[in-house]
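The values are calculated or read from the model by the stated rules, or taken from the named source; none is laboratory data. Being a predicted model, the structure only gives us computed values, none of them experimental. Don't worry about glycine lacking a Cβ; one is built from the backbone with ideal geometry, like all the others, and counts go over all protein chains shown.
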Amino acid sequence: MNYNNSSNSNTKRQNKKNKALKKYNILGQEDKQHILESLQKDSSLEMYQILSEKYNTSIKNLRRWYQDGIARKPGCGRKKLNTKAEEELRQWIIKESVELRRRVRRSQLKQKAIELFSIPNFKASKAWQDEFIRNFDIKYQVNEIIVESKV
């Protein structure tokens, strides 16, 4: 009976579990700068391994930062779906807040966003709404309108 195959498959399963358990670690600019300085002094494989364990990030990331720099490249990140529709939605929220002298409900925001975007799979999820409100600073603008209308 050959036990090597079963132990080999167990090792593969264990590696998959370890990869699944590994959490994604987001490092700040200061940490990345410290890593870059350390690698400029000593760029040996041993140093990569030490820094990888210390900062809980992959050696692949460390190599990329060392070769390409730590700054994000232009154009990175998710692109806006429809900037024109976002601006129309922002203006609609402000207009409704002025007329009603209160905040627009999330259900109204969702309905209007779906109407304006007219993209088949666009759902205007809570996460999307939160991001939209944060990006356009809607809470502050609407609160200012409500405060002014009470005076």
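Table for the structure above
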item: Members of segment 100-151 found to be over 24 Å from the mean Cα position of the chain (by Cα) and among the charged types (D, E, K, R), listed by number; result: ARG101, ARG102, ARG103, ARG105, LYS112, GLU115, GLU144, GLU148, LYS150
item: Cross-chain or 6+ apart pairs with Cβ under 8 Å, segment 97-113 first and over 16 Å from GLU148 (Cβ atoms), then surrounded by fewer than 16 Cβ atoms within 10 Å (Cβ to Cβ) and charged (D, E, K, R); result: ARG106/LYS126
item: Filtered residues of segment 8-56 (kept if at pLDDT below 90, under 23 Å from GLY69 (Cα atoms) and in a helix (DSSP H, G or I)); result: GLN29
item: Tally, over segment 61-83, of residues that are part of a helix (DSSP H, G or I), under 22 Å from the mean Cα position of the chain (by Cα) and surrounded by 10 or more Cβ atoms within 10 Å (Cβ to Cβ); result: 4
item: Flag for LEU51 being out of contact with any strand residue (DSSP E or B) (no Cβ under 9 Å at 6 or more places or on another chain), under 30 Å from VAL151 (Cα atoms) and surrounded by 12 or more Cβ atoms within 10 Å (Cβ to Cβ); result: no
item: Top-ranked residue of segment 62-97 - restricted to ones that are aliphatic (A, V, I, L, M) and at pLDDT 90 or above, ranked as farthest from ASN135 (Cα to Cα); result: LEU62
